[in-house]
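Undergrad: My questions all concern the structure below.
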Amino acid sequence: MLLNSKGKHRRPSKATRIATLAGVTGAAVAVPLMGATNASAASVETWDAVAQCESGGNWSINTGNGYYGGLQFSQSSWAAAGGTQYAARADLASKDQQIATAEKLLDMQGPGAWACAGAGGLTNDGVDPGVNPGGSGQSESKPEQAQSERQAEQPTTRSEQREAPKAESKKTVTTPTGDKVKKGDGEYKVKAGDTLSKIADKEGVKGGWSKLFKLNDDIVEDANLIFPGQQLHLK
């Protein structure tokens, strides 16, 4: 059964729209509304060509003009052809789901339902596009399931990442420039203003600062640079 005039998929100002979307003036010729046949089908390549003319090939387009998706379904034609089993609007459905719905609309209204039928070479050629639209909500549920699985894995990973700095902080000291240096495990903890000479004098290290430097050469790389928080051996 054909849709009535109010339910037609095709827009009234098709010539202007085709020239704007496809960039080709006069390339699309409206095909007269045809009755349903038992072999209403077209190849994916044909639907791609129609979509290129209708929407520039953007299967998720929604410009707010009342037409949605790559094949520019009106909401009424999308619902009439059963598209709402996949998504509320065509632009929210997958390409395969849009084509599967378009096949039903083609069977109901014929190629004339699309102003770009001529430009896309759309006919009832009986070619099965072989799309896999899936069931209701399947196209959305799989990504959500994958996302939930990734989210379930993230707390463990983040926990490990949080623990790593803690373990590292026990072995390093952060300098005023943000660099990290070895902390050491000696009995003397360096304070602000300390130098090897001051520490050696204060703690009575025999051999002075050079001896102190030698005792801690695995921690202190430069005798002139020690940092608060480092722990030095005194003997």
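Undergrad: What do you reckon, how do TRP78, TRP209, TRP59 stack up by accessible area (1.4 Å probe), largest on top?
TA: Working: TRP78 0, TRP209 120, TRP59 40 Å².
Result, largest first: TRP209, TRP59, TRP78.
Undergrad: In nm², what is the average projected area of the convex hull enclosing the Cα atoms of the range 51-92? Write down the numbers at each step before the final one.
TA: Values: hull surface 10.1 nm².
Its Cα hull, projected and averaged over all orientations, spans 2.5 nm².
Undergrad: Treating only the Cβ atoms of Lys and Arg (+1) and Asp and Glu (-1) as charged, compute the dipole magnitude of the range 170-235 about its Cα centre; round to the nearest 20 debye. Don't jump to the answer; show the numbers that get you there.
TA: Values: 13 positive and 10 negative charges, 41 e Å.
Dipole magnitude for the range 170-235 comes out near 200 debye.
Undergrad: Label-point separation (nm) for ASN65 and LYS211, each offset 7 Å from Cα along Cα-to-Cβ?
TA: 9.0 nm
Undergrad: Next up: Hey, rough spin-label estimate for LEU234 and LYS191, points 7 angstrom out along Cα→Cβ, what's it come to in nanometres?
TA: Output for this residue pair reads 1.3 nm.
The values are calculated or read from the model by the stated rules, or taken from the named source; none is laboratory data. Bear in mind the structure is a predicted one, so any value in this text is a computation, not a measurement. In this analysis, Cβ positions are derived from the backbone assuming ideal geometry, glycine residues included, and neighbour counts consider all displayed protein chains. Quick note on the areas: whole protein, heavy atoms, side chains included, nothing else; ligands and nucleic acids left out. Shrake-Rupley method; radii C 1.70, N 1.55, O 1.52, S 1.80 Å.
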